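Working notes for the structure below.
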Amino acid sequence: MSSTTTVGPAAVHRLLHRDTVCSVFSGTVTTGPTDLLCVTVAHERVDGSRREVFLEWAAKLTGLAAHPHLSPCSAVGLTENGRPYLAVGTARRTLADLLAEQGPMPPGQVRALGVALSDAVAVYHRAGLIHGAIQPSHILVGSGHHLQLTAYDVTAPVLAAPLPPSPYTAPEHLDAAVAGEVAASPAGDVYALATALYAALGGRLPWVRHAREDAADPLLRAAPVPHVPGVDSELTDTIGAALSPDPRRRPTADAFREQLTRLPLAGPVAPGLRPDTVAAGLLPRRGLRPVTVAVSTELAPYRPRRERVGLRPRLRSIATATAGVALTGALLGGAALATYAATNPESTGTVCTDPAVLGGRINEQLDEGTIVESWCADDGDYVAATVDYPGGSGGGEGATERRVWRIEGENLIAVTDCADTALPAAIAEFLDCV
């Protein structure tokens, strides 16, 4: 008897990622056993209006005209127990990997990439769909460096999960991103695509700095987009217009394609030497959910994580109900701007600014144990906690441990020893390193 697990027509192999909304697996289908798939499956079954909203979206996705720069949707629908799923073609590398390895692309190649992807986005928009998550880590690199846009699930009904604010978040969607809500619009897609093209040129945007909060500062987004040294100024002017802080001043995806197509690339270049690397802040190597297939854990059942401190169940229920109503109005009503609360909303603000968020993030790192106290180092790059663990199966007294994590973006990375010479003095003392 076969032990293969199936989701719709897809056979799933390895678990790639799991969050509070979905599980993501690698998979294949019998009609193309060598083609890699990314299979996203919701944890919850849906019915009523939520079911109708998802099926309406699924019909639009399957009705998309085939496009060489859109990753093909192999299957979308509901599992036997009513859970939404989506299976999309994937690859082992993304544009983020390519730019990190090879550096900026030649201007002519970036223009060609812009024409191809803006045409793909225009097809997506004409079908009544909004992507909401365009960035280099969501652009697949296939054989022959063939590029395809993917990650349709990030803003899909029921499958939606909020992305933290990033340089690819349009200014008008920053507040929603900071609040842990899903926000998307056609103008936001054009903004994100223009940011990806500027990154591919090696450009340095003035709002991409080392401080984590800069990505969500709307005032910085009003700064002019600088020309890239050694690159045709008309190309960066065209991209800069699509990065306007006012969404009404940005071109549509169709218009952006036409502007790039007509651009001769024969004008004056900006003074200076072209950058030979792409700014690290413009290269997110992974989004909220992965879209590339990698070696990972085997298939395992979903177990809900413990409730984050500070998120009261009643408030979450109200927010979830509101999300369903907003989704129905935005998607079935054909609104140009679809801004709605995620299925499982929570703040993605800085960990150290809210004790409840800090406690919740630390709690996620613990399989067991109770937090006695927690705090952040002065520079805000490390968090520390004293944790009480219960006694073992023999009924012992338990133990108290000191735990430390380094903050990297929205992740906490465990510090297990004193080898890191950059540890703040307070953290080093806490770990008895001094």
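The values are calculated or read from the model by the stated rules, or taken from the named source; none is laboratory data. Bear in mind the structure is a predicted one, so any value in this text is a computation, not a measurement. Every residue, glycine as well, gets a Cβ built from its backbone with ideal geometry; the counts of neighbours run over all protein chains shown. SASA here: full protein model, heavy atoms, side chains in, ligands and nucleic acids out. Shrake-Rupley method; radii C 1.70, N 1.55, O 1.52, S 1.80 Å.
Tabulated data for the structure shown
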| item | result |
| --- | --- |
| All-pairs alpha carbon distance profile, the range 94-141, 10 Å steps from 0, percent | 23, 51, 22, 3 |
| Taking all pairs of distinct alpha-carbon atoms in the range 1-99, Kirkwood radius in angstrom | 14.5 |
| Per residue, in Å², the accessible surface of the range 33-189 once ligands and nucleic acids are set aside, probe 1.4 Å | 35 |
| Nearest-0.05 FRET efficiency for Glu56 and Thr30, computed from C-beta distance (R0 45 Å) | 0.95 |
| Cα pair count fraction exceeding 18 Å, expressed as % - the range 59-149 | 49 |
| Percent accessible area from carbon and sulfur atoms, the range 19-79, protein chains only, probe 1.4 Å | 53 |
| Sulfur and carbon atoms: percent of accessible area, the range 120-182 [1.4 Å] | 52 |
| The range 5-32 residues near the modelled Asn81 label - backbone nitrogen below 14 Å, point 7 Å along Cα→Cβ | 6-8, 23 |
| Cβ-based net charge around Gly103, under 11 Å, with every Lys or Arg adding one and every Asp or Glu removing one | -1 |
| With every protein chain in place, the range 198-263: carbon and sulfur % of accessible area (1.4 Å) | 55 |
| Dimensionless Rg ratio for the range 233-283, taking C-alpha atoms and the 2.2 N^0.38 Å reference | 1.34 |
| Rg/Rg_ref, the range 132-208, where Rg_ref = 2.2 N^0.38 Å and atoms are Cα | 1.13 |
| Alpha carbon centroid spacing (whole Å) that separates the range 1-45 from the range 237-284 | 37 |
